[in-house]
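Novice: First the structure, then my questions, so here it is.
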Amino acid sequence: MTVAKPRRRSLLDKSLLYLFSFDVEADANRQNIGFVPGGVRVNIQARPNLSRVYHVLRDRSIAGTGSPAISGTIEWGGDWLDLRDDDIGFSDVKFAIRTDDDAVIYGTYPVTCYLGSGGQRRLIKAGSDRDKLGTEKEPFDIPLITTPRFTTTSKVYSWLSELQCMGVGRIRVVRNEFRRITYDVYSLS
Amino acid sequence: MNVSSKYLFTLQLDLSPTLVGVFPDGRRIDVRYTGSVITDATQYAADWRDSYTALNVGDEGDGSTDDLEWSGLTGKVISGADSVLIRSDSVAAFAGRLTIRANDQFLLNTQLTGAVDLLVQPKLKDFKGGVVKDPPVTPPAGTVDTVLGISFEGATSKQGWAEEDLTQEAFFRYQLLLRGTLVAIGQVKFDDRGLPQSAKLDVAVIRAVARS
């Protein structure tokens with residue numbers, strides 16, 4: 001006789017713990033590989049040492065855990081982006097953080113994002129500035145949700161290696177250029 | 001199986017390594033790549049002159065990559081990154097991504113992947129301080145022979161409505177890189193801290209025919 005499993009009546013409730021934020025200043029000279037089967041391949045590099053990692057409230061520790069907050073620069077970063085013909089963007093991001101106290105934290109995350117209806121075509125279309133996506137006054141923001149993971153051997157930040165993190169962010173587009181990528185990073189706790 | 005190879009070009013890489021740390025699976029090293037690409041005239045002539053002639057003397061071929069021509073590649077590695085893992089079993093695992101800009105401005109998205117067994121290196125006994133430790137997580141200083149897989153992605157079509165620098169197209173010149181099965185064979189040089197410093201790799205297309 002089989003026993004019916006009881007129906008689940010509650011969510012797997014998790015709350016988010018804010019860890020840190022980062023702003024990546026994208027190199028304006030993005031590498032347009034071109035039209036490949038299924039979409040357009042674009043490689044973007046971070047401008048070294050101009051990209052900041054910070055606690056948005058400037059706290060010195062993570063609320064609730066007492067772990068030291070992270071502050072530093074993104075020493076290098078690369079984003080290998082596939083702007084697919086169905087207006088979905090996929091990318092594979094790798095970067096290294098150099099903290100102000102000289103620790104190295106290696107980070108990686110995949111990205112899946114919706115570019116909006118006709119977004120792929122609009123992002124790469126030739127034309128005058130008026131035809132392009134985003135202006136200085138009204139930039140176009142592409143929302144992002146990611147699942148970053150971090151690795152470090154620094155004893156100060158080793159707690160970060162143990163976490164599955166979640167990033168909520170955006171890519172800011174001005175005249176079809178990827179200008180700045182901003183993320184708030186949380187852990188699921 | 002019959003396997004043969006033909007030389008395409010030489011990849012000369014300068015590596016900027018940063019040691020991330022030693023983890024349970026090994027030693028992880030962040031690497032950034034720059035460098036140059038050039039087709040060596042002597043090797044090119046040795047591997048391609050005969051087949052190129054054959055291709056143009058009435059051999060129409062079967063449409064496979066064997067029929068694709070190759071006229072060499074010269075350019076620069078404009079960016080690249082890797083997270084090299086020197087595993088605790090003395091295997092170096094590479095998973096690099098590079099962008100090559102050819103002299104005609106064509107961009108190639110490049111992936112360099114594979115594993116190098118540091119214990120079976122024939123030159124291991126000649127390395128400075130070459131005693132293998134247990135666990136051997138630090139390769140000895142010197143050069144190690146390397147065979148890696150390499151693949152390329154580049155524009156295969158163009159669209160007139162797109163931005164100007166998206167209107168490049170591979171045509172015949174790069175088809176062999178985009179369609180062929182390729183390997184990178186050469187040496188990686190490690191310094192006495194166990195960090196990779198440079199690599200010289202000859203990229204070749206492989207032709208393999210299964211025995212019937």
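The values are calculated or read from the model by the stated rules, or taken from the named source; none is laboratory data. Owing to the predicted nature of the structure, the values given are computational and were not obtained by experimental measurement. Backbone-built Cβ (ideal geometry, glycine too); neighbour counts: all protein chains shown.
Novice: Let me confirm something: among A:T146, A:T112, which residue is polar (S, T, N, Q) and in contact with a Gly (Cβ under 7 Å, 6 or more places away or on another chain)?
Specialist: A:T146
Novice: Any chance the stretch A:98-107 includes a residue that's farther than 14 Å from B:V20 by Cβ, under 19 Å from the mean Cα position of the chain (by Cα) and not in a strand (DSSP E or B)? Walk me through it before giving the result.
Specialist: Initial filter on the stretch A:98-107 (farther than 14 Å from B:V20 by Cβ): A:100-101.
Okay, now just the ones that are also under 19 Å from the mean Cα position of the chain (by Cα), so none.
Taking every residue of the stretch A:98-107 in turn, none turns out to be farther than 14 Å from B:V20 by Cβ, under 19 Å from the mean Cα position of the chain (by Cα) and not in a strand (DSSP E or B).
Novice: Continuing with this model, one more query. Every residue in the stretch A:25-41 that is of a type in the set (A, V, I, L, M) and more than 9 Å from every other protein chain (Cβ to nearest Cβ), please.
Specialist: Residues of the stretch A:25-41 that are of a type in the set (A, V, I, L, M), as a first pass: A:26, A:28, A:33, A:36, A:40.
Of everything in the stretch A:25-41, those that are of a type in the set (A, V, I, L, M) and more than 9 Å from every other protein chain (Cβ to nearest Cβ) turn out to be A:A26, A:A28.
Novice: Can you tell me which residue is modelled with the lowest pLDDT among those in the stretch B:166-196 that are away from chain A (no Cβ under 14 Å), within 20 Å of B:R101 (Cβ to Cβ) and not in a loop (DSSP other than H, G, I, E, B)?
Specialist: B:L176
Novice: What number of residues within the stretch B:144-165 satisfy the criterion of being out of contact with any strand residue (DSSP E or B) (no Cβ under 9 Å at 6 or more places or on another chain) and more than 7 Å from chain A (Cβ to nearest Cβ)? Talk me through it step by step, then tell me what you get.
Specialist: Of all residues in the stretch B:144-165, those out of contact with any strand residue (DSSP E or B) (no Cβ under 9 Å at 6 or more places or on another chain) come to B:160, B:164.
Subset that is more than 7 Å from chain A (Cβ to nearest Cβ): B:160.
Result for the stretch B:144-165: 1.
Novice: Kindly provide the set of residues from the stretch A:1-35 that are free of Cβ contacts under 8 Å to residues at least 24 places away in the same chain and among the aliphatic types (A, V, I, L, M), ordered by number.
Specialist: Listed by number, the residues that qualify are A:M1, A:V3, A:A4, A:L11, A:L12, A:I33.
Novice: Mind listing just one residue for me: the one in the stretch A:20-77 that is of a type in the set (F, W, Y) and farther than 25 Å from A:R122 by Cβ and, of those, surrounded by the fewest Cβ atoms within 10 Å (Cβ to Cβ)?
Specialist: Step one: list which residues in the stretch A:20-77 are of a type in the set (F, W, Y), which gives A:20, A:22, A:35, A:54, A:76.
This time we only want the ones that are farther than 25 Å from A:R122 by Cβ, so: A:20, A:22, A:54, A:76.
On the way: A:F20: 21, A:F22: 25, A:Y54: 16, A:W76: 22.
Filtering first and then ranking leaves A:Y54.
Novice: If B:V84 satisfies every condition in (1) assigned to a strand (DSSP E or B); (2) modelled with pLDDT under 95; (3) surrounded by fewer than 21 Cβ atoms within 10 Å (Cβ to Cβ) but one, which is the exception?
Specialist: Going through (1) assigned to a strand (DSSP E or B); (2) modelled with pLDDT under 95; (3) surrounded by fewer than 21 Cβ atoms within 10 Å (Cβ to Cβ) one by one, B:V84 breaks only (3).
Novice: For the stretch A:122-166, which residues satisfy the criterion of being at pLDDT 90 or above, surrounded by fewer than 19 Cβ atoms within 10 Å (Cβ to Cβ), within 14 Å of another protein chain (Cβ to nearest Cβ) and part of a helix (DSSP H, G or I)?
Specialist: Hits for the stretch A:122-166 are A:S158, A:S161.
Novice: Return the residues of the stretch A:55-99 that are of a type in the set (D, E, K, R) and either within 10 Å of chain B (Cβ to nearest Cβ) or closer than 30 Å to B:V31 by Cα (or both); say none if nothing qualifies. Give the steps one after another, and end with the answer.
Specialist: Applying the first criterion (of a type in the set (D, E, K, R)) to the stretch A:55-99 yields A:58-60, A:75, A:79, A:82, A:84-87, A:92, A:94, A:98.
A:E75, A:D79, A:D82, A:R84, A:D92, A:K94, A:R98, listed by residue number.
Novice: All but one of (1) more than 14 Å from chain B (Cβ to nearest Cβ); (2) within 18 Å of the chain's Cα centre (by Cα); (3) within 21 Å of A:R122 (Cβ to Cβ) hold for A:L17, so report the exception by its number.
Specialist: (3)
Novice: Would you check which residues across the stretch A:171-189 are over 24 Å from A:T99 (Cβ atoms), in a strand (DSSP E or B) and among the charged types (D, E, K, R) and list them? Give the derivation first.
Specialist: As a first pass, look at the stretch A:171-189 and keep what is over 24 Å from A:T99 (Cβ atoms): A:171-179.
Okay, now just the ones that are also in a strand (DSSP E or B), so A:171-174, A:177-179.
If the condition is that a residue be over 24 Å from A:T99 (Cβ atoms), in a strand (DSSP E or B) and among the charged types (D, E, K, R), then A:R172, A:E177, A:R179 are the ones that fit.
Novice: Another one. Going through the stretch A:121-150 one residue at a time, which ones are among the polar types (S, T, N, Q) and under 25 Å from A:D184 (Cα atoms)? Outline the logic, then answer.
Specialist: From the stretch A:121-150, those among the polar types (S, T, N, Q) are A:128, A:135, A:146-147; that's our starting set.
A:T135, A:T146, A:T147 - these are the residues of the stretch A:121-150 that are among the polar types (S, T, N, Q) and under 25 Å from A:D184 (Cα atoms).
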